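Below you'll find the structure, written out as structure tokens, and then a few comments.
Readers should treat all values here as calculations from the given coordinates under stated rules, not as data from a laboratory. Since we're looking at a predicted model, the values are computed, not measured. Cβ coordinates were reconstructed from backbone atoms using ideal geometry, including for glycine residues, and neighbour counts include every protein chain displayed.
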Amino acid sequence: MDWIPIISLIGGFIIAGMGIYLTFKARTEPYRQTLYSKQLDGYVEIVNALIDVYKTAHGVFFAKGLKLGKEAESELSSIVMNKYSAFEHKHKKWVVVLPKEMNVLFANFRKDLEKILNLPFKNNPGKLFRDVYIEIIAKTRKVIGTDPLVEETLRLITEVPVSEEAKKSGKFKR
């Protein structure tokens, strides 16, 4: 039995398989990068709208602490819900490109907001709202991959090679 043709055949299959795999990766990578870029654009718009809701809601919680009365509180709550409408509009604009878990999180934000706005001031609605806000921001950072990217960047910056000459001169200290 001659092994050389068999080995050549197996090698040919391996090379052909690698070629197909690399061709597939080359075709899908631009789409993946475009999708990720669009997702980042969407996250930026949505989070900016969320920040507007957050700032406005904290103004309302401060005003509730001043005990302005039901009519004023109702008017302030409607201002927050108007800001929320802008947030919701941004979310609906980007819903197609965002992952399912983020769409669910953003959709549940309205329920949380309405619940918090209707709480009496003694229940500290500002703290509850801050907790919801922090949860949304944390999950967004996790999905985007912000923290690992920042850590990698900092590691690259802090591990800059320094010449022996610079170390001896004392001009560079770590």
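Would you mind counting up the charge near K92? Only other residues with Cβ under 13 Å from its Cβ, with Lys and Arg at +1 and Asp and Glu at -1.
Values: positive: K90, K93, R110; negative: E45, E88.
Within the 13 Å Cβ shell, the charges total +1.
Using 20 Å as the Cα-Cα cut-off, could you pick out the over-long pairs in K90/K111; K92/K115; K93/K127; K55/K115; K70/K115?
Listed pairs above 20 Å: K92/K115; K93/K127.
Its Cα gyration tensor gives region 1-135 an equivalent ellipsoid. The semi-axes, each the square root of 5 times an eigenvalue, are 56, 14, 9 Å from largest down. The modelled label-to-label distance for the pair L128/I14, using points 7 Å beyond Cα in the direction of Cβ, is 6.3 nm.
FRET efficiency for the pair E101 and H58, taken as 1/(1 + (r/R0)^6) with r the Cβ-Cβ distance and R0 = 35 Å, rounds to 0.85.
Treating only the Cβ atoms of Lys and Arg (+1) and Asp and Glu (-1) as charged, compute the dipole magnitude of region 1-107 about its Cα centre; round to the nearest 20 debye. Write down the numbers at each step before the final one.
Numbers: 13 positive and 10 negative charges, 41 e Å.
Around 200 debye, computed over region 1-107.
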